[in-house]
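Trainee: Before I ask anything, let me first share the structure, which is written out below as structure tokens.
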Amino acid sequence: MSGAAIHWQRAAEPALLFHVLAHLDLGHDAASLFDETLPERPWAAALREAYAAAPGRLQLHALGLWHRAGIESLREAPPAGLRDPAGRRLLIGVLDAMASERAAFMRSWEVSASEAEARRAQVAARLTEPLGVLRQALWEPHGDPPALTVLDCPALDLAGRATSDAHGHIIAVNLAAPIDHLLCQIFHEEVHPVTDPIVRDSMAGDAQDTRVGTPGHALHVAIEHAAIVVGEAVIEARAPAWREAYTRWRARFG
């Protein structure tokens, strides 16, 4: 096996961004990170409305992964997708909320550093090899898989977020989640770049929407289903020891 590098990192800025988003009750939305145990914040209601109104809201989830040193510089130069008035309103609202939360968040982040580092090392030792096997199998028709950076973002809980840049793939998960879950979630995020283009090409029409009942929700469901099914096939063929873990992980989706 030719193993592409997997880097396991802890990055405060994307973790803070997802911490802010975890305060927003988005209802029946697959992109929701809402944590009902978090205290209500004075900025949450307005930010929730701004999020719902912005057509480019899903891009927000990738910004922290692209700009791991911080997204404050985007205040004056929003990325494509957030340049319309609603997008700018959402971006500014998120940046203001991050500024409001930063001091308390960073205190907690620093206090938990040693425990988080120990967990990062544990996860890396357990999952680097099986993920390497699965990624190599997934990318065999195209050559070696790209480099992968896995970021620890506790507010994601059992969810994951992923994107790519010039250096490879970037996935954010909560490294405190169970090991079995992490293997399945990380690999699921890696399957998407392979299966998503095929599904999108076969379903021309409305843009993907993670909210139940919207015109683009059928595309979202199809995209998720394809990634789940292909991921299951690869695990069955190349890492059957993880079959039961994947079955449990998949059960979360009904």
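The values are calculated or read from the model by the stated rules, or taken from the named source; none is laboratory data. Predicted, not measured: the structure shown is a model, and the values here were computed from it. Backbone-built Cβ (ideal geometry, glycine too); neighbour counts: all protein chains shown. We work out accessible area using only protein heavy atoms, side chains counted, and drop any ligands, DNA or RNA first. Shrake-Rupley method; radii C 1.70, N 1.55, O 1.52, S 1.80 Å.
Let's see how each residue does on (1) open to solvent by 60 Å² or more (accessible area, probe 1.4 Å); (2) among the polar types (S, T, N, Q); (3) free of Cβ contacts under 8 Å to residues at least 60 places away in the same chain:
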residue: Pro79; (1), (2), (3): no, no, yes
residue: Asp96; (1), (2), (3): yes, no, yes
residue: Ala125; (1), (2), (3): yes, no, yes
residue: Glu129; (1), (2), (3): yes, no, yes
residue: Pro145; (1), (2), (3): no, no, no
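Trainee: Additional query: So, in segment 147-167, exactly how many residues are touching a strand residue (DSSP E or B) at 6+ places or on another chain (Cβ under 7 Å), of a type in the set (A, V, I, L, M) and open to solvent by 30 Å² or more (accessible area, probe 1.4 Å)?
Mentor: Final tally of qualifying residues: 2.
Trainee: Also, quick follow-up: Of all residues in segment 1-25, which are free of Cβ contacts under 8 Å to residues at least 40 places away in the same chain and surrounded by fewer than 18 Cβ atoms within 10 Å (Cβ to Cβ)?
Mentor: Matches in segment 1-25: Asp25 only.
Trainee: Moving to a separate point now. Can you pull out the residues in segment 208-254 that are surrounded by fewer than 16 Cβ atoms within 10 Å (Cβ to Cβ), closer than 24 Å to Gln59 by Cα and touching a residue at least 24 places away in the same chain (Cβ under 8 Å)?
Mentor: If the condition is that a residue be surrounded by fewer than 16 Cβ atoms within 10 Å (Cβ to Cβ), closer than 24 Å to Gln59 by Cα and touching a residue at least 24 places away in the same chain (Cβ under 8 Å), then Val212, Gly213, Phe253 are the ones that fit.
Trainee: Search segment 168-206 for residues being touching a residue at least 24 places away in the same chain (Cβ under 8 Å) and in a loop (DSSP other than H, G, I, E, B), and hand back the single one that is surrounded by the fewest Cβ atoms within 10 Å (Cβ to Cβ).
Mentor: This residue is Ala176.
Trainee: Continuing with this model, one more query. Is it the case, given these coordinates, that Ala53 is surrounded by fewer than 14 Cβ atoms within 10 Å (Cβ to Cβ), in contact (Cβ under 8 Å) with a residue 12 or more places away in the chain and more than 21 Å from Leu175 (Cβ to Cβ)?
Mentor: Criteria met by Ala53.
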